[in-house]
Amino acid sequence: MDEIEADFENVRAAWQSAVAQRRFEAIGRALESLYWFCEMRIRFQEGLELLRLGREQLAPVAEEAPHPIWGRVMARMLGQNSAFYESPIESRARVETGLALAQHDENRAEIAFCLWRLAVSAYLSGDSIAAIPAYEASLAHYQALDDRFYQGYLLKDLGILYIALDQSDRGDALVQQSLELRRATGDPDGLATSLGASGWIMYNRGHYTEAEAYWQESHQIRRTAHIF
Amino acid sequence: MCLTKAYRQGSELILELLQACSGLRMLVTSREQLQLNSETLFVLESMALPAVATLPDVLSYSAVQLFVETARRVRPKFTATTMNVQAIVRICQLVGGMPLGIILAAAWVEVLSPDEIVTELSQGFGFLESELRDLPERQRSMRAVLTQSWQRLTEAERTVFMRLAVFRGGFTHMAAKHVAGASLQMLSSFVNKSLLQCEPNRRYTMHEFLRQFAEAELEAADQTVATLSLHCIYYTDLLHQREPDLKGRR
């Protein structure tokens with residue numbers, strides 16, 4: 001990540017150049033890393049600006065069929081953090097467009113991503129009941145794809161949702177599963193996130209020493225990996 | 001070619017003098033290294049720039065002092081005030097603390113306010129010209145200074161250097177190799193000629209005026225689109241290659 005950080009101005013210029021020339025292949029190769037880099041390094045506003053540029057420049061012209069990469073760009077305009085989206089309603093509509101394009105393209109990884117984003121959108125709008133089937137459908141796709149990076153996020157998100165719905169045992173188990181998965185994969189951002197969630201579970205139960213231990217470990221990982 | 005020849009002749013003269021006179025020491029200023037075994041290099045860096053524009057602290061910085069002194073030559077009552085100090089500091093930053101850049105910019109105080117100078121400078125270095133007769137003709141405009149450096153380059157060096165103009169915020173050797181076809185030797189040569197700076201983290205940076213000059217040359221050579229395309233491919237590929245690192249153990 002430090003390498004991307006040092007070259008972020010070049011990355012930004014390359015992205016601007018790619019969208020201006022509608023180089024879909026190059027954009028498709030860069031998109032996932034750009035999205036996660038901006039998430040992990042808290043460059044929400046800059047990430048959103050670059051995605052917004054992509055949304056505008058890659059939109060279908062006249063009778064042209066919408067390109068799947070355009071759909072992928074729009075689906076990523078709703079990030080993990082509330083600062084990384086414009087408005088839940090607009091974001092949801094964009095993710096739905098992205099999902100339709102992914103389904104047409106039979107791109108299972110992208111279908112899984114869009115379902116996750118729709119679940120997050122529903123959760124942020126206060127519709128937890130609608131969020132659950134979307135989270136579960138997304139998780140099932142990622143399990144079938146054996147994508148453990150995304151499984152970690154889905155398990156943690158779903159766990160927190162169940163805890164919010166007063167199904168603590170089910171929620172705790174999912175967050176714990178997410179933590180174990182992330183310890184195995186070693187993804188620092190995911191691991192720090194799951195440790196943070198585990199800390200909150202312990203805190204809410206009044207287990208302050210355990211909560212502090214989880215948070216300390218999470219903090220240490222973030223410091224070491226320069227993620228925030 | 002003429003300049004290169006003169007430079008070589010100067011270098012050879014210094015060598016002859018050193019060989020003929022034992023114990024001789026010479027203080028030589030040059031844009032390039034002389035490439036002599038007996039040479040000890042002292043790099044003249046940019047003038048000190050303040051991070052925050054507050055009076056009276058900024059007046060202790062050499063860049064601001066030079067600006068105010070030069071401005072007073074064309075407008076004797078000129079002083080740094082709370083109203084213009086931010087613009088003065090911005091001017092010094094825009095010229096990268098380069099003494100000649102500060103002198104050429106300050107000379108405009110006769111007809112422009114510091115704020116107006118900032119506006120002009122933001123549009124490019126072409127504005128940095130002066131009719132001051134006590135400056136050598138080759139130093140009366142930034143373009144003339146940059147043209148001299150440009151003329152000292154070989155054709156192959158020019159081709160590579162103008163391509164480097166597409167980078168933003170510095171670049172690595174690997175990026176320069178893929179985008180501009182720069183070899184490590186060539187980058188080293190550019191550093192020796194003060195056309196690039198090599199930072200401690202091994203990243204290369206180019207002064208903004210040089211970058212603008214090189215960008216214009218790239219455009220004139222009709223190579224902008226092709227070079228931007230290589231830049232775009234290199235950095236989108238870099239992002240793609242780093243995806244497993246972002247998602248996995250680091």
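Given (1) in a loop (DSSP other than H, G, I, E, B); (2) over 21 Å from B:L112 (Cα atoms); (3) of a type in the set (S, T, Y); (4) in contact (Cβ under 8 Å) with a residue 12 or more places away in the chain, identify the lone condition not met by B:S11.
The number of the failed condition is (1).
Among (1) surrounded by fewer than 17 Cβ atoms within 10 Å (Cβ to Cβ); (2) over 15 Å from the mean Cα position of the chain (by Cα); (3) modelled with pLDDT of 90 or more, there is one condition A:R183 misses while meeting the rest; what is its number?
Status for A:R183: all satisfied but (3).
Here is a yes/no grid of residues against (1) of a type outside the set (G, A, S); (2) within 11 Å of chain A (Cβ to nearest Cβ):
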| position | (1), (2) |
| --- | --- |
| B:Q185 | yes, no |
| B:E199 | yes, yes |
| B:Q212 | yes, no |
| B:L218 | yes, no |
| B:A221 | no, no |
| B:G248 | no, yes |
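So A:E5 ticks every box in (1) in a helix (DSSP H, G or I); (2) more than 10 Å from chain B (Cβ to nearest Cβ); (3) buried (at least 18 other Cβ atoms within 10 Å of the Cβ) but one. Which box is left unticked?
Among (1) in a helix (DSSP H, G or I); (2) more than 10 Å from chain B (Cβ to nearest Cβ); (3) buried (at least 18 other Cβ atoms within 10 Å of the Cβ), A:E5 violates only (3).
Output the number of residues of region A:92-131 satisfying the condition of being of a type in the set (A, V, I, L, M, F, W, C), over 22 Å from A:L161 (Cα atoms) and crowded, with 16+ Cβ neighbours inside 10 Å. Lay out the reasoning, then the answer.
Initially, region A:92-131 is screened for residues of a type in the set (A, V, I, L, M, F, W, C), giving A:93, A:95, A:99-102, A:109, A:111-116, A:118-120, A:122, A:124, A:129-131.
Applying the additional criterion that residues be over 22 Å from A:L161 (Cα atoms) yields A:93, A:99-102, A:109.
Those left that are additionally crowded, with 16+ Cβ neighbours inside 10 Å: A:99, A:101-102.
Qualifying residue count, region A:92-131: 3.
Give just the number: which of (1) more than 14 Å from chain A (Cβ to nearest Cβ); (2) in contact with a His (Cβ under 7 Å, 6 or more places away or on another chain) does B:Y234 not satisfy?
Status for B:Y234: all satisfied but (1).
Within region A:177-189, can one find any residue that is outside any helix (DSSP H, G or I), touching a residue at least 24 places away in the same chain (Cβ under 8 Å), outside the structural domain of A:Q103 (by TED's automatic domain parsing) and on the phi < 0 side of the Ramachandran plot?
Yes, because at least one residue in region A:177-189 is outside any helix (DSSP H, G or I), touching a residue at least 24 places away in the same chain (Cβ under 8 Å), outside the structural domain of A:Q103 (by TED's automatic domain parsing) and on the phi < 0 side of the Ramachandran plot.
For region B:51-76, which residues satisfy the criterion of being in contact (Cβ under 8 Å) with a residue 24 or more places away in the chain, farther than 21 Å from B:M98 by Cβ and not in a loop (DSSP other than H, G, I, E, B)?
Passing the criteria: none in range.
Being at the interface with chain B (Cβ under 7 Å from one of its Cβ atoms) and surrounded by fewer than 23 Cβ atoms within 10 Å (Cβ to Cβ) is the filter here, so list the residues in region A:24-35 that pass it.
Those that are at the interface with chain B (Cβ under 7 Å from one of its Cβ atoms) and surrounded by fewer than 23 Cβ atoms within 10 Å (Cβ to Cβ): A:R29, A:E32.
List the helices (runs of 4 or more DSSP H) that sit entirely inside region B:139-250 and contain at least 3 residues that are surrounded by 14 or more Cβ atoms within 10 Å (Cβ to Cβ), touching a Phe, Trp or Tyr at 6+ places or on another chain (Cβ under 9 Å) and in contact (Cβ under 8 Å) with a residue 60 or more places away in the chain.
Numbers: elements: B:142-151, B:155-163, B:173-180, B:184-192, B:208-220, B:224-241, B:243-247.
Filter on region B:139-250 gives B:142-151, B:208-220.
Give A:A14, A:A59 a once-over and let me know the one that is at the interface with chain B (Cβ under 10 Å from one of its Cβ atoms) and either modelled with pLDDT of 90 or more or over 16 Å from B:T236 (Cα atoms) (or both).
Selected residue: A:A14, the only one of A:A14, A:A59 that is at the interface with chain B (Cβ under 10 Å from one of its Cβ atoms) and either modelled with pLDDT of 90 or more or over 16 Å from B:T236 (Cα atoms) (or both).
The values are calculated or read from the model by the stated rules, or taken from the named source; none is laboratory data. Given the structure is predicted, the values throughout are model-derived calculations rather than measurements. Reconstructed Cβ throughout: ideal geometry from the backbone, glycine too, with neighbour counts over all protein chains shown.
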